[in-house]
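Data first, discussion second: the structure below is written as structure tokens.
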Amino acid sequence: MTRLDRREFLLGSAATLAAGTSAAAAPESKLAQRRPGYGAAATLWNLQADPRFGEAISTYCTQLVPELELKWPMLRPDAHTFAFERADAILDFARQNDLTMRGHALAWYHDIPDWTRQIKDAKGVERAFVDHIATVVSYYKDKLTSWDVVNEPIPDNPKKVTDRRDSFWSQNLGDRWIPLAFRTAAAADPYVKLAINEYDIESAKGSFIAKRAAFRKLIMDLLDQGVPLHAVGLQSHLHAELEIDTHGLAEFVTELRSWGLEVLVTELDVNDQKLAGNPAERDAIVAQRVDDLLTAISTSGPVRSILTWGISDRHSWINGTFAREDKQPNRPLPLDGEFKPKPFLDVITKFANAA
């Protein structure tokens, strides 16, 4: 994959990264600007290549999450190697800047390294699966606040509430791959918060409502089985042209909390590919979508953890995936391409300060 190959040279030491961003703990003046519970996803590439990126995170955030460095392809170049250097460098950056870090992601249908597909039998797949989760969670025991244990388990257009996304793991381990992932993680670190993470459940569009229902059913089944599930991650990759289903989302979140689960906003951004208008008009709509989302989620309790998938438009996956017809850059994140705050950040500030 091009994106991963592009980062192969990022084996520079954590000390080099820290020296380029923060030589000591964050000063009081910077800590005072931070939004409580707000964080962002980061790649080591962006932290090393653009000093403004790390400066923005250390200015506005209290937590961060590696975007790529804890996924299988970067951690497991082969069956016998665990390559923690890149993720460790991000963790060192977090510690240097008085930030907490969460983990993403232990089990996902996507981004499975080629060597896993060479395993010939289900028992071998299970050994690799369990060994990976146990080793990674044990390595970061007492270092991270939470893990996305299972990422995106529901298909985009479920026909029934019992539908689950087909994957390499489900093909080899059946439905038990999800409980197995959580139980393995909990055994490796009994105190870290374990989350299940999903996207496209926020609007009133039919496929979103069906996906939300299937996600609810899966969560309920896991709890009924006594699976150690502590939190639900709402990715919140929003579509700017779609209004938030504020009533339906508020009901869903209220029910999750009634089951004793924490609700996390884990990958927030807003794809404005289909919006017309000048940047200021688009920014206003993006901010309104975020406000509607967080209002719905906060109906039954404060939003204590809000992470955006990046922090500046300059370094967003959306610009590389959803190009606008007018050739203008997308504006999906709290800071623009020059790292200047937008109305999106004002909304984050409002809800972070209310938590």
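Rounded to the nearest 20 debye, the dipole size of the chain about its Cα centre is 380 debye, using +1 on the Cβ of Lys and Arg and -1 on the Cβ of Asp and Glu. A protection proxy built from the mean count of other Cβ atoms within 10 Å ranks the segments 254-262, 330-338, 200-208, 36-44, most packed first, as 36-44, 330-338, 200-208, 254-262. Helices in the chain, meaning DSSP H runs of at least 4 residues, each add -39500 (n - 2.57). Divided by all residues, the mean residue ellipticity at 222 nm is -12500 deg cm²/dmol. Please give the FRET efficiency for ASP156 paired with ALA32, using the beta carbon to beta carbon distance and R0 = 41 Å, rounded to the nearest 0.05. Computed FRET efficiency for ASP156 and ALA32 comes out at 0.45. Extending 7 Å from Cα along the Cβ direction at ARG176 and again at LYS141 yields two label points whose distance is 2.5 nm. Mind scanning LYS141/LYS217; LYS211/LYS274; LYS211/LYS340; LYS123/LYS143 and naming the pairs with a C-alpha gap bigger than 26 Å? Beyond 26 Å between Cα atoms: LYS141/LYS217; LYS211/LYS340; LYS123/LYS143.
Report the gain in length on full extension from ALA187 to ASN278: 0.36 nm times residue separation, minus Cα-Cα distance, nm rounded to one decimal.
Details: separation 91, 0.36 × 91 = 32.76 nm, distance 5.16 nm.
Stretched fully, the ALA187-ASN278 segment lengthens by 27.6 nm.
The length gained by stretching the chain between ASP92 and ALA79 to full extension, at 0.36 nm per residue less their Cα-Cα distance, is 2.1 nm.
For the pair GLU338 and ASP131, a Förster radius of 45 Å applied to the C-beta separation gives a FRET efficiency near 0.50, rounded to the nearest 0.05. Summing Lys and Arg as +1 and Asp and Glu as -1 over all other residues whose Cβ lies under 14 Å from the Cβ of ARG257 gives a net charge of -1.
Readers should treat all values here as calculations from the given coordinates under stated rules, not as data from a laboratory. Not measured: the values here are computed from a predicted model. No Cβ is skipped: glycine too gets one built from the backbone with ideal geometry, and neighbour counts run over all protein chains shown.
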